[in-house]
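Trainee: Right, I'll just put the structure down here and ask away after.
The values are calculated or read from the model by the stated rules, or taken from the named source; none is laboratory data. These numbers were taken from a predicted model, which means no experiment stands behind them. Heads up, the Cβs are rebuilt from the backbone with ideal geometry, glycines too, and the neighbour counts pull from every protein chain shown. These accessible areas exclude ligands, DNA and RNA; they are computed on the full protein's heavy atoms, side chains included. Shrake-Rupley method; radii C 1.70, N 1.55, O 1.52, S 1.80 Å.
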Amino acid sequence: MSATFEFPKAVVEAALQTVNPTSRRDFLKSSGALVLSVGVNSFPASKAFAQAGGTGPYPDPDFRQLDTWIVIHPDNTATFFVGKTDGGQGTGTAFRQLMCDELDIAYADTRLVMGHTDITPDQGGSGGSDAIERDGWPMRRVAAEARRVLLELAAERLDAPLAALEVRDATISVGSDSTRSITYAQLIGGQRFDVALTGSDVNATRGLADIKPVDALRVVGQSVQRYDIPPKVDGSLTWAVDMRLPGMVHARNVRPPLAGATLRGIDAASIADIPGLVKVVSRGNYVAVVCEREEHAMRAARQLQVDWAPPPQAPFPASAALFDYMRGATPTSSSEPIRRGNPEAAFETAHRVIEAEYAVPFQGHTAIGPAHALADPSEGQMTIYSNDMKTYGLRNGVAKFLDMPRERVRVVYMDGPQVYGRTAADDVGFEAAFLARELGRPVRVQWMRDEETAWDTKGPAYTFKLRGGLDTEGRVIALDYDARAADYNHLWYNDPDTVLIAQLMGRRSAAPFAGFASAPAVLYAVPHQRMATHVVRLPLIWETPLRTGNLRDPNGPQVTFAFESFIDELAAGAQVDPVQLRLDMLAASPEDDRFLRARSLAAVRAAAAAYGWDPRPSPQLRNTKSRAADPILTGRGIAYTYRIGTVVATIAEVEVDRRTGRVWVKRLVCAHDCGLVVNPEGLRNTVECGMLHALSRALWEEVQFDTEKVTSVDWLTHPSLRHSDTPASIEVVIVNGDPNPGRPDLPPYGAGEASHKPVIAAVANAVYDATGVRLRRPPFRKERVLAALQAAAV
Amino acid sequence: MSLLTLRVNGATHEADVDPATPLLYVLRNDLGLRGPRFGCGLAQCGTCTVLVDGAAIRSCVVPAAQISGEITTLEGLAKNGELDPLQQAWIDEQVPQCGYCHNGQIMNARALLDRNPNPTDAEIRQGMEGALCRCMTYYRVQAAIKRVVREAQARAEASAE
Ligand code: FES
Ligand code: FES
């Protein structure tokens, strides 16, 4: 029926990047050509392959076809196709584990292709830590369905009842009779399943088969090594940043030097001496230079004389004045406050009322590798090679932006630097596609360091006011939370009306997005509560480098910092142990269907036990003899939170150098419960790094600006965590405790972001414990800490 | 443009480039290497690190024409089909997240251990200070380096017995 289909070499190589090198070679060899299928009379690797051509059109792979998801090869191996991406958290490995268990095939005999818009079913790419939590389900169900179909075929071929069949490593036998067995390859290798699936959307995809119970999973729960690591450490991987095509040219953007500036003119003669200059492209306030060679494009971008008119009014206050500005601004929107009980009356009767204000600055993604993409406009189509975590969205957005039919655009997913949310990988994909069409040649766009640090999307700055009321017993009876986020015109993913190039060209969405301001996730039993949130705007909302977008657990670190710091302040006010206060408030809360209460109690207890927490109020007694003389003060702090169904309790131990103000987090303990664990080691790594990423935000990160431009432009002006800041010890306790210790039949919950949330608070609480000084505004760089210590005469 | 001769990973290459071109771009665009990567272009992050006669240099800022020694890149660390012990330790300790910075981590670690095969924890921190990671894999990077040191010591002790 369908002939073997040849893909462009670059696409196939990109698709096979993460397959391990040996099998990749065999794979290519056995196919006899650069074909993503195996054997001479074989079928395309999926229905998508059959339809997808080098020249398009590129339809959407049909998620309701089993062949879209799984191919069994004649050598009794399988390839899985999923519409996800892996930013380095090992989700690709986890997907394989999930699918292997349902299909009953050895992990080593499988490979996985991810995130190619014309090859893999649209699962939206990545985001929200829902890779395993949401998108793992259809993968498991389709793999289970493939196994069911194979068993039926085997029953017929072996002439045995279904109930008598056993499956092991892609081989089906009648009982344990090895003379009566047949492999998956013998049944269907190199052929199509031709089995229709059902489901109203991709997340609901299923066949007739049910997935296995947790107890029957074998590959799930094992620390299988990540398949993407060897090619990443031996230098054999081709990353998105490495893609090169014949006839390709290099582009660099020239950004307005002042936020909100307007282009008046370009002196093209200023770069006439640059060899291999292809073109200066400008449209509205978007300017780029294109050269045959990369180093010349960089030189041209530096050398080009551009006349910019400054904006009529200051685009934003200076970063030093930001919080005052935010507190005084009229909100663009305010939520209806969440209320419980009668907080006003409770504050009236409170024995003691404690108040505190907190603030968190803008913090950036600032990937280690600045944004990059390559776009190929050959044959009236557009192929974009990108590490964008939402490749499908990039495809749709670019098609709209360029006014091209969707089926002429495809995105080939390749590995790249961190993608913890809405990054400039979105913006650069559009730029590459636009320039490729302008030039009619493949164009590679690479952002420079200053561009990445200054112009990448930011997590919103926040200010907070908290009040708490204690009764005579030291119990928390009332809470009032009021937060403001500078998040107006928050950017969504791959939106053709708000990506940076669209903004600079003067394209606008109909209305700016209202933005988010979050209330904390509170399980604590506090009878009287009021939670209010507001969004405020800075003067300039378009073409501004202070663009906000999702950054790892978009509001969690800010909100949890303020809230869990304040809980600590209440504990100190009540002179009770901060762990005990949290346990008391959790114990008094009602249970829910995710067992959050029981699991929260278990996580807080597990963290305290692993740390060796000795119960006492904070801060430690100052000016005991030994402490008075010691230049280093030590303390510990806890913070607890949950994110959807994932529960996390984190304890930080700090050393504060009272001479310099330096804070070193010496030890981190994290008790983490995300339900079913697919890959414990992969989980540990992700949790560790999520914590250290937040530690960087606690100690170092702040986007700074004057009233004209962002002044954080490199690693000197925008410091980040370094080797010397690394804790001496990090312990991750995988709890999975109540209600079913050890191997809960809980579903898996996300693990990419939860551990990131509580760290800033845990550090601030530990510094308080050590010094008696409360830090209410990160980052806790040494100058700020020293000033606070000196002000308190510590 | 002028013809440059570079010795990289044991082979000799010629490239016809502007001599001021930073080495990074010649390695990547003319010689097709993929280990060293662009991160900052300012000698601040280490992702572009290569070894020149064993010393770690930031190829993003050094003009290609100034290099006269033997260049080793990440691709050239493996010897006779065997991964460098650091590369192996990186796999054993499952170090990377995205992995983009790990050329810099591994090449800096190689130079560090070549200088000082038995570094203390403090010396590891100090020696690796310039290699940034935005996924924050530092803890595992340090664990992998310590593993290599430990295994080398164990081998030395075994052969001394
Ligand atoms: S790219 Fe060379 S040090 Fe950052
Ligand atoms: S592993 Fe992603 S930057 Fe280091």
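Trainee: Within the range B:100-123, can one find any residue that is surrounded by fewer than 22 Cβ atoms within 10 Å (Cβ to Cβ), within 8 Å of chain A (Cβ to nearest Cβ) and either more than 24 Å from A:HIS365 (Cα to Cα) or touching a residue at least 24 places away in the same chain (Cβ under 8 Å) (or both)?
Mentor: Of the residues in the range B:100-123, the ones surrounded by fewer than 22 Cβ atoms within 10 Å (Cβ to Cβ) are B:111-123.
Among the residues that remain, those that are also within 8 Å of chain A (Cβ to nearest Cβ) are: B:121.
Those still in the list that are either more than 24 Å from A:HIS365 (Cα to Cα) or touching a residue at least 24 places away in the same chain (Cβ under 8 Å) (or both) too: B:121.
Yes, the range B:100-123 has at least one match.
Trainee: Got a number for residues in the range B:109-161 being away from ligand 2 (no atom under 13 Å from the Cβ), within 27 Å of B:PHE38 (Cβ to Cβ) and not in a helix (DSSP H, G or I)?
Mentor: Looking only at that region, the number is 2.
Trainee: Can I ask one more? Looking at B:SER59, B:SER68, which is the one that is more than 9 Å from chain A (Cβ to nearest Cβ), more than 16 Å from ligand 2 (Cβ to nearest atom), crowded, with 22+ Cβ neighbours inside 10 Å and closer than 15 Å to B:THR21 by Cα? Working first, answer last.
Mentor: Details: B:SER68 fails: crowded, with 22+ Cβ neighbours inside 10 Å.
Checking each option against the conditions leaves just B:SER59.
Trainee: Moving to a separate point now. State the number of residues belonging to the range B:5-33 that are open to solvent by 20 Å² or more (accessible area, probe 1.4 Å) and either small (Gly, Ala, Ser) or more than 20 Å from A:VAL249 (Cβ to Cβ) (or both).
Mentor: Number satisfying all stated conditions: 12.
Trainee: Another one. Within the range A:355-408, work out how many residues are away from ligand 1 (no atom under 16 Å from the Cβ), closer than 30 Å to A:PHE323 by Cα and within 16 Å of the chain's Cα centre (by Cα).
Mentor: Qualifying residue count, the range A:355-408: 3.
Trainee: With respect to B:LEU24, is the statement that it is within 16 Å of ligand 2 (Cβ to nearest atom) and either in contact with an Asp or Glu (Cβ under 9 Å, 6 or more places away or on another chain) or not assigned by TED's automatic domain parsing to the domain that holds B:ARG110 (or both) true?
Mentor: On the way: within 16 Å of ligand 2 (Cβ to nearest atom): no; either in contact with an Asp or Glu (Cβ under 9 Å, 6 or more places away or on another chain) or not assigned by TED's automatic domain parsing to the domain that holds B:ARG110 (or both): yes.
Considered against the rule, which asks whether it is within 16 Å of ligand 2 (Cβ to nearest atom) and either in contact with an Asp or Glu (Cβ under 9 Å, 6 or more places away or on another chain) or not assigned by TED's automatic domain parsing to the domain that holds B:ARG110 (or both), B:LEU24 comes out as no.
Trainee: For the range B:127-155, what are the residues that are open to solvent by 20 Å² or more (accessible area, probe 1.4 Å) and facing chain A (nearest Cβ under 7 Å)?
Mentor: B:GLU129, B:TYR139
Trainee: Here's a follow-up. Filter the range A:532-558 down to residues that are open to solvent by 10 Å² or more (accessible area, probe 1.4 Å) and assigned to a strand (DSSP E or B) and give me whichever is nearest to A:ARG507 (Cα to Cα).
Mentor: Looking at the filtered set, the residue picked out is A:HIS534.
Trainee: If you take the residues in the range B:8-64 that are part of a loop (DSSP other than H, G, I, E, B) and of a type in the set (Val, Ile, Thr), which one is farthest from ligand 1 (Cβ to nearest atom)?
Mentor: B:THR21
Trainee: Inspect all residues belonging to the range B:84-92 and state whether any of them is within 13 Å of ligand 2 (Cβ to nearest atom) and either touching a His at 6+ places or on another chain (Cβ under 6 Å) or aromatic (Phe, Trp, Tyr) (or both).
Mentor: Yes, some residue in the range B:84-92 is within 13 Å of ligand 2 (Cβ to nearest atom) and either touching a His at 6+ places or on another chain (Cβ under 6 Å) or aromatic (Phe, Trp, Tyr) (or both).
Trainee: I need the full set of residues from the range A:278-303 which are without any contact (Cβ under 8 Å) to a residue 24 or more places away in the chain and open to solvent by 60 Å² or more (accessible area, probe 1.4 Å), in order please.
Mentor: If the condition is that a residue be without any contact (Cβ under 8 Å) to a residue 24 or more places away in the chain and open to solvent by 60 Å² or more (accessible area, probe 1.4 Å), then A:ARG302 is the only one that fits.
Trainee: Inside the range A:334-365, can you point out the residues that are over 17 Å from A:ARG530 (Cα atoms) and surrounded by fewer than 16 Cβ atoms within 10 Å (Cβ to Cβ)?
Mentor: Answer for the range A:334-365, where residues must be over 17 Å from A:ARG530 (Cα atoms) and surrounded by fewer than 16 Cβ atoms within 10 Å (Cβ to Cβ): A:HIS351, A:ARG352.
Trainee: If you don't mind, there's one more thing I want to ask. Could you go through the range A:359-374 and let me know if any residue there is in contact (Cβ under 8 Å) with a residue 60 or more places away in the chain and closer than 23 Å to A:PRO59 by Cα.
Mentor: Checked against the condition, which is being in contact (Cβ under 8 Å) with a residue 60 or more places away in the chain and closer than 23 Å to A:PRO59 by Cα, the range A:359-374 yields at least one hit.
Trainee: Being part of a loop (DSSP other than H, G, I, E, B) and touching a strand residue (DSSP E or B) at 6+ places or on another chain (Cβ under 8 Å) is the filter here; which residues of the range A:458-503 pass it?
Mentor: A:PRO460, A:ALA461, A:ASP471, A:ASP487, A:TYR488, A:ASN489, A:HIS490, A:LEU491
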